[in-house]
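Reading through the structure tokens given below for one structure.
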Amino acid sequence: MQAINASIGFDRKMWRQDIRGSLAHAAMLHHVGILTAAEEAAIRDGLAAIGHEIEEGSFPFSEALEDIHMNVEARLTERIGEPGKRLHTGRSRNDQVALDVRLWVRDAIDGLDGQIADCMAALVDRAEEHAASVMPGFTHLQPAQPTTFGHHLLAYVEMLGRDRSRLADCRARMNESPLGAAALCGTGFPIDRHMTATALGFDAPMRNSLDAVASRDYAIEFLSACAICATHLSRLAEEMVLWTNPYFGFVKLSDAFTTGSSIMPQKRNPDAAELVRAKTGRINGSLVGLLTVMKGLPMTYGKDMQEDKEGLFDAAESLALGLAATAGMVRDMKPDVARLREASRAGFSTATDLADWLVRELRLPFRDAHHITGRLVAEAERQGCDLPELSLATMQAAHPGITMDVFSVLSVEASVASRTSFGGTAPVNVRRAAAWWRERLA
């Protein structure tokens with residue numbers, strides 16, 4: 001029973017939040033006359049001393065005391081005597097743990113927000129540096145149209161920007177205090193829940209005491225936002241794995257973010273990227289795990305909810321590590337600009353530009369232009385050359401109105417430069433978008 005019931009092995013991570021909540025609760029109890037000034041001072045000093053003990057590693061954690069709340073309270077009573085026993089007046093472990101988890105998630109969001117911003121800044125720097133570096137754009141992982149390396153990296157900046165927004169939304173929605181809900185129905189003591197809410201940085205106390213101790217939807221929302229962010233990191237990590245493969249040869253990573261082989265001395269494995277990709281599974285598992293824990297619980301609190309913490313802690317730590325590794329790889333990578341440009345010419349990547357030229361200059365319906373371009377692609381395949389290498393006579397055999405001007409749009413540089421529509425890949429757009437993001441990140 002002790003083994004399955006105790007949570008101190010993992011919920012000790014919330015000691016700062018537990019002490020913070022107890023300090024606010026004690027101040028409120030003194031304010032409403034339940035504690036004397038001397039008792040509140042003794043509790044404050046005792047909790048400060050306990051905090052130092054935990055930081056120094058000398059705190060005597062006990063599995064017999066089950067959780068962080070009872071461990072701190074027992075140690076407080078041991079240190080200061082009777083006032084320590086009065087601290088729990090007007091609250092329960094149910095609202096205490098609900099408070100601690102909310103505070104922990106809120107702190108985690110604040111930390112992750114800074115890390116996401118740092119990762120975005122790294123991507124913006126590299127995007128600006130490579131605003132005009134042409135690379136192949138893919139659909140179905142097949143060559144589609146030329147794009148730029150800078151534009152490609154900025155796509156991840158957009159994704160991460162939405163991740164920050166989701167975490168900010170989660171923080172705003174969860175920023176209500178459950179403290180004072182007690183076991184489930186509130187308390188008959190004349191507590192001031194608005195005072196403790198304000199002291200702990202919440203917008204207000206939660207309006208329903210049952211909901212306060214019963215709900216973990218904020219934790220589910222947090223895990224969902226983490227899972228989405230991890231998915232974005234995983235997609236970039238997958239591209240890093242592909243890009244560093246010699247058959248692609250788009251990017252090199254230094255020894256700082258790769259590892260060697262135990263028997264193959266030539267290997268440089270993109271392990272950091274692979275581990276970022278893999279940790280997404282852990283984070284997704286934490287989300288599904290908590291959804292499963294909560295799906296069948298009647299009101300209000302059940303000990304099942306103890307299973308919320310390990311997944312929360314692991315997901316936040318995994319995402320933090322993934323963000324750090326991703327930012328590091330982005331700053332470390334060395335794109336091979338010549339190889340990127342060479343690859344961007346594969347697969348008749350400027351065929352759409354040819355079709356667009358036929359529509360724009362010869363006023364052909366797009367479907368007719370599409371058909372003519374298809375014939376020219378087939379002819380280039382037969383001749384074993386690229387579209388810009390076809391002769392004008394060959395072009396005119398497909399349509400007599402084609403002129404030498406068509407060759408001005410068939411280079412990969414001309415292709416990307418022409419994509420000036422809002423959000424397009426033109427280097428001028430990339431530089432403008434990078435500046436826009438830099439201003440917001442500042």
Query raised in the report: Going through region 405-442 one residue at a time, which ones are open to solvent by 60 Å² or more (accessible area, probe 1.4 Å) and touching an Asp or Glu at 6+ places or on another chain (Cβ under 6 Å)?
Result: none
Report task. For region 65-89, name all the residues that are open to solvent by 70 Å² or more (accessible area, probe 1.4 Å) and not acidic (Asp, Glu). Result -> Arg79, Lys85, Arg86
Requested in this report: Enumerate the pairs (first residue in region 422-441 and over 16 Å from Ala122 (Cα atoms); second residue anywhere and not β-branched (Val, Ile, Thr) and not in a helix (DSSP H, G or I)) with beta-carbon separation below 6 Å, excluding pairs fewer than 6 apart on the same chain, so at least 6 apart or on different chains.
Outcome: Thr425/Arg419; Ala426/Arg419; Pro427/Ala131; Pro427/Ala132
Query - Residues satisfying the stated conditions in region 193-210, i.e. open to solvent by 40 Å² or more (accessible area, probe 1.4 Å) and farther than 18 Å from Cys170 by Cβ - result: Arg193, His194, Met195, Thr198, Ala199, Arg207, Asn208, Leu210
Query raised in the report: Here are some conditions: (1) at pLDDT below 95; (2) assigned by the TED database to the domain that holds Ala132. Ala315 meets all but one. Which one does it not meet?
Result: (1)
Requested in this report: Pick out, from region 272-370, the helices (runs of 4 or more DSSP H) lying fully within it that include 3 or more residues that are more than 30 Å from Ala122 (Cα to Cα) and touching a helix residue (DSSP H, G or I) at 6+ places or on another chain (Cβ under 8 Å).
Outcome: 308-332, 351-362
Report summary line: Those residues of region 268-281 that are surrounded by 18 or more Cβ atoms within 10 Å (Cβ to Cβ) and over 18 Å from Val251 (Cα atoms) come to a total of 2
Query - Check on Gly46, in contact with a Lys or Arg (Cβ under 6 Å, 6 or more places away or on another chain), assigned to a helix (DSSP H, G or I) and without any contact (Cβ under 8 Å) to a residue 40 or more places away in the chain - result: yes
Report summary line: Taking region 196-219 and the residues there that are assigned to a loop (DSSP other than H, G, I, E, B) and of a type in the set (S, T, N, Q), the one that is nearest to Gly311 (Cα to Cα) would be Ser215
**Report entry** Of all residues in region 1-43 being under 19 Å from Thr77 (Cα atoms) and not in a helix (DSSP H, G or I), the one that is farthest from the chain's Cα centre (by Cα)
**Finding:** Thr36
Requested in this report: With respect to Phe222, determine if the residue is outside any helix (DSSP H, G or I), touching a helix residue (DSSP H, G or I) at 6+ places or on another chain (Cβ under 9 Å) and under 30 Å from Gly302 (Cα atoms).
Outcome: no
Query raised in the report: Using beta carbons and a limit of 6 Å, which pairs, at least six apart or on different chains, have the first residue in region 298-318 and under 15 Å from Asn284 (Cβ atoms) and the second one open to solvent by 90 Å² or more (accessible area, probe 1.4 Å)?
Result: Ser318/Arg282
Query raised in the report: So which residues in region 389-399 are open to solvent by 50 Å² or more (accessible area, probe 1.4 Å) and either touching a residue at least 12 places away in the same chain (Cβ under 8 Å) or assigned to a helix (DSSP H, G or I) (or both)?
Result: Glu389, Ala393, Gln396, Ala397
Query raised in the report: Would a scan of region 323-346 turn up a residue that is open to solvent by less than 70 Å² (accessible area, probe 1.4 Å), in contact with an Asp or Glu (Cβ under 6 Å, 6 or more places away or on another chain) and either within 24 Å of Lys13 (Cβ to Cβ) or modelled with pLDDT of 95 or more (or both)?
Result: yes
Query raised in the report: Picking from Arg166, Arg207, which residue would you name as being out of contact with any His (no Cβ under 6 Å at 6 or more places or on another chain), more than 30 Å from Val337 (Cα to Cα), at pLDDT 95 or above and in the same structural domain as Leu312 (by the TED database)?
Result: Arg166
Requested in this report: Would you mind stating whether Phe248 is part of a helix (DSSP H, G or I) and modelled with pLDDT of 95 or more?
Outcome: no
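The values are calculated or read from the model by the stated rules, or taken from the named source; none is laboratory data. Since the model is a prediction, treat every value here as computed from it, not as a measurement. Cβ sites come from the backbone with ideal geometry, for glycine too, and all protein chains shown count toward neighbours. Heavy atoms of the whole protein, side chains included, go into the accessibility calculation; ligands, DNA and RNA do not. Shrake-Rupley method; radii C 1.70, N 1.55, O 1.52, S 1.80 Å.
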